[in-house]
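Every number in this text was worked out from the coordinates using simple rules, so none of it is lab data. None of these values were measured; they are calculated from a predicted model. Cβ: placed from backbone, ideal geometry, glycine included. Neighbour counts: every protein chain shown.
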Amino acid sequence: MKRTVSILLAAVMTAGMAAQSFAQGEKDNRIVLSADTNSGISLEGGLLTPGEKYRFPVSVSIDGGEPQPLNPDVMEDYSFKLSNTGEGDSLVDFNLSKSGDRYYIAAEVKAGWPTAKTEEEYSIKMVNKSNRKDFVTLTVSFETGYELVSDEFVSGLDAEDEIEVDNGAPVFDAEQLERIAKRNQYKKVTFTDGDWRFTVSINDMKAVNLVHNQNAVKEIVTKYEDHSFEFLTFPSGPQFRTNGVMELDVSAYADDFNDQFFVYRYLNGKLTEIPAQYHDAEELLTFTTDTLGRFIITDKEITDTVVFTPAGQAGSAGGAGSGSPAAGGGVLINPSTGSAA
């Protein structure tokens, strides 16, 4: 019998207002950054997820005093300059922003689903407006991207083990895939998260990002109001060298669908039906594919398959364009893929 091995991911997070980093100046001034207000992720040494926005509260210590939240009163005497001092280019924005009476470092990461992390370095300089000489500079280093599955996890896999995919560490690099393939005598392997199982050959594969979600697609639910829907999306759209078999556990909604299932791939505003088989004894829905993308499961056939026509494709019936599937089901032109760390 096959056994499922789970990924163990250790995450270290700093409390919301805990100091992350500081820098000293000529008069023992300091800049102090706290963890992101929502995720608790620290900027210094942190890993920021593509497509996400972060806010890191800023505090300052003047002349050796206790750090106080940066506010408009302090801004009357000091100015701030933020600079990209590294080689990374994975951020949409990195600036000092104000909300109420507080100031934050606002960071937004470019959307995309890279298999490699990008190293980033930024400096924050605080200058005394009165003499332009007294200053303090804080440099922060961090990464953007997705976590690589641990080598300990890969080493712990035996032949025929099902490989549980964790969104906390969804990337398998080429070397790890080769080790898994070799251990399975280059036969097909199975990835799973419990609700789905994908059995496929990974021979000679490059890195894959298997981050996934079951988020509803608003424009589809809105257009086809008389349908019931379930969704499974792999935003990175990993493509394999051969077809694999996707198995979906539909036991939670088989009765609601009256054991009737239709499967579609959603790309560039258009639905394309995928032949699928329902196995009522096991309550499993199966189909073959060489690409993991956005899958739509519904209880009725859809005849009007054009959900919308992407910009620049008017009159083209919403066919495939040059972009990649975006999180909203549309087209994301040239998403950032990140650079190797």
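Computed over the stretch 129-190, the Cα gyration tensor eigenvalues convert (square root of 5λ each) into semi-axes of 46, 10, 8 Å, ordered from largest to smallest. I want to verify the translational diffusion coefficient of the stretch 36-119 in µm²/s; compute it with Stokes-Einstein, Rh as the Kirkwood radius over Cα pairs, at 25 °C and 0.890 mPa s. The Stokes-Einstein estimate is 171 µm²/s. Anisotropy class assigned to the stretch 75-158 is prolate, per the alpha carbon gyration tensor with a/c at or over the 1.5 cut-off and a/b larger than b/c. Pull out a ≥ b ≥ c, the square roots of the eigenvalues of the alpha-carbon gyration tensor of the stretch 265-308, then state rounded if a/c is under 1.5, prolate if not and a/b is larger than b/c, and oblate in the remaining case. Oblate, because a/c is 1.5 or more while a/b does not exceed b/c.
Across the stretch 205-211, computed HN-Hα scalar couplings (Karplus, 6.51 cos²θ - 1.76 cosθ + 1.60, θ = phi - 60°) run 8, 7, 4, 10, 10, 9, 4 Hz from first to last residue, x flagging Gly and Pro. The ARG132 and ASP89 beta-carbon pair, evaluated with R₀ = 35 Å, returns a calculated FRET efficiency of approximately 0.70. For LYS206, a cut-off of 16 angstrom between C-alpha atoms picks up these lysines, skipping any fewer than 8 places away in its own chain: LYS117, LYS182, LYS188.
Taking a straight line from the alpha carbon of LYS133, these aspartates and glutamates sit under 18 Å away, with near neighbours fewer than eight places off in the same chain left out: GLU26, ASP28, ASP63, GLU76, ASP77. Inverting the pair-averaged 1/r between distinct Cα atoms of the stretch 212-320 gives 14.6 Å as its Kirkwood hydrodynamic radius. Along its first, second and third principal axes, ordered by size, the stretch 168-238 spans 48, 19, 17 Å in Cα coordinates. Grouping the Cα pair distances of the stretch 79-228 into 10 Å bins from zero gives a pair-distance distribution of 9, 26, 22, 20, 15, 7, 2, 0 percent in increasing distance order.
Of the trypsin sites (Lys or Arg not before Pro) found in the stretch 98-132, the ones in coil according to DSSP and having at most 16 other Cβ atoms within 10 Å of their Cβ are LYS129, ARG132.
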